[in-house]
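The values are calculated or read from the model by the stated rules, or taken from the named source; none is laboratory data. What you are looking at is a predicted structure, and each value in this text was computed from that prediction instead of being measured. FYI the Cβ positions are ideal-geometry reconstructions off the backbone, even for glycines, and counts take in every protein chain you see.
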Amino acid sequence: MKKTSLLQEEKNSTILFLWLFYAVFFVYEIFYYNLFPAFPWIDVDARDSEWFDFMFVKYGVIIALIPLSIYLIKTGKAEPLKYIVFFCYFLTNVISDILYYKDSTLTYTSGNMVELVMILFSPIFVNKKFTYFITGGLLLKYILVGLFIQDPLVLFPISIMFVLSFISFLLLHRFLNYIKALKYSYDEQLEGIVKGVIAILELKDPYTRGHSERVAAYAMNMAEATGKFKPSELNNFYYACLLHDIGKVNIPDSILTKSGRLTDEEYDIIKTHPVVGAEAIREVEGIADNIDVIYHHHERWDGKGYPDGLAGDDIPFLARITAVADAFDAMTSSRSYRPALQLEEAHQRILDGQGSQFDPQLIEIFRQIYPEWMKISKIYSKGMDMRGGKKHENSQTK
């Protein structure tokens, strides 16, 4: 859902950008070169030069972008379109300016409204990379033109571009700060709701008290150790880890807290909790993107797990990480049917499961980060919330 929403916003921003670009481009070009050709800064003799011939090429390229734009927008590939439009405009405009002034007796002037629109409206994409692209491209244009025509007056539009770029980045900075504040507030509310739901689960099964947060801490530590993810990508994974056992609210207390061995029928009921949990969060924005973590955290590398009996790389990667974290904490926690194992014994059992229960590569990482897991276990045994401060720090830096 979140991905769809972002794609829609990108599409809307691109459409607005294109309307502004083409409206200003055509109105400005007609006004500047045709309605008022006798301005003192316009070389009337240029109409007989190669510059005039190139202008048809320039218009042809810009007009040809219209059907391409429609195609990319309709096929959901609007993201690169703004870069394509700017690059084509940049390239044709550099050539046009050089051809216009290279043999002209006029000094360099620039009053291009299209460039003003591009640089001032680039923040609508809330994208630093694109704003840098626009600013750098326009400054490069004036530098290249200045080098070819050897006119120091090019420094004037460069100074104007610096001022406009500052305004553009100021607007972008405000947009980003506002979005960051909203996201921080959203994360705070989401975490509170998730922990409230976990508290309800722990009321059903006191033996699992703290289990979800410890699993999330172990899993986050391993995910970071893989080096495959940015901190911002792991935020929603954290919430999914907290809710990995949420489906157990649907399991009768008599089974969940049974002190003896489960019957086959009772175990079959226990095995429904990943499916129930995944269904419960399917429509929850911010967590549903990691629904596989909840649905597949009991799959095994050898295919003997549940609910789907997936094996090897068919198991989603983050679910494989959660499986290791869940098994380690389950072994080191007291349950209604057995006391907690010592950390070293649980450590050895995890190693023994390499290639059978667990992803072999993840177990190699587990060997390296096990000392950190020991620290996490000790921190939580003292009743401290390790993830709380860390999450807030990530939220501030994203």
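Go through (1) assigned to a loop (DSSP other than H, G, I, E, B); (2) hydroxyl-bearing (Ser, Thr, Tyr); (3) at pLDDT 90 or above and name the single condition Thr107 misses.
Result: Thr107 passes all but (3).
I'd like the residue in the stretch 176-222 that is of a type in the set (Ser, Thr, Tyr) and in contact with a Leu (Cβ under 8 Å, 6 or more places away or on another chain) and, out of all such residues, is surrounded by the most Cβ atoms within 10 Å (Cβ to Cβ).
It comes out as Ser212.
Would you tally the residues in the stretch 282-296 being in contact with a helix residue (DSSP H, G or I) (Cβ under 6 Å, 6 or more places away or on another chain) and surrounded by 16 or more Cβ atoms within 10 Å (Cβ to Cβ)?
10
Going by the structure shown, is Ser333 over 19 Å from Glu372 (Cα atoms) and among the hydroxyl-bearing types (Ser, Thr, Tyr)?
no
Residues of the stretch 220-248 being assigned to a helix (DSSP H, G or I), hydrophobic (A, V, I, L, M, F, W, C) and within 16 Å of the chain's Cα centre (by Cα), which ones?
Across the stretch 220-248, the qualifying residues are Leu234, Phe237.
With respect to Leu171, is the statement that it is in contact with a helix residue (DSSP H, G or I) (Cβ under 6 Å, 6 or more places away or on another chain), part of a helix (DSSP H, G or I), among the aliphatic types (A, V, I, L, M) and under 30 Å from Gly286 (Cα atoms) true?
Considered against the rule, which asks whether it is in contact with a helix residue (DSSP H, G or I) (Cβ under 6 Å, 6 or more places away or on another chain), part of a helix (DSSP H, G or I), among the aliphatic types (A, V, I, L, M) and under 30 Å from Gly286 (Cα atoms), Leu171 comes out as yes.
Of (1) more than 19 Å from Met222 (Cα to Cα); (2) buried (at least 21 other Cβ atoms within 10 Å of the Cβ); (3) of a type outside the set (Phe, Trp, Tyr), Ala323 satisfies all except one. Which?
(1)
For Phe148, only one of the following conditions fails: (1) surrounded by 17 or more Cβ atoms within 10 Å (Cβ to Cβ); (2) touching a helix residue (DSSP H, G or I) at 6+ places or on another chain (Cβ under 7 Å); (3) not small (Gly, Ala, Ser). What is its number?
Looking at each condition in turn, Phe148 falls short on (1).
Which pairs turn up if I take residues in the stretch 143-154 that are closer than 13 Å to Tyr100 by Cα and in the same structural domain as Ile95 (by TED's automatic domain parsing) and look for partners that are surrounded by 14 or more Cβ atoms within 10 Å (Cβ to Cβ) and hydrophobic (A, V, I, L, M, F, W, C) with beta carbon separation below 7 Å, at least 6 apart in sequence or on another chain?
Close Cβ pairs satisfying both conditions: Val145/Val94; Val145/Ile98; Val145/Val154; Gly146/Val154; Phe148/Ile98; Ile149/Ile98.
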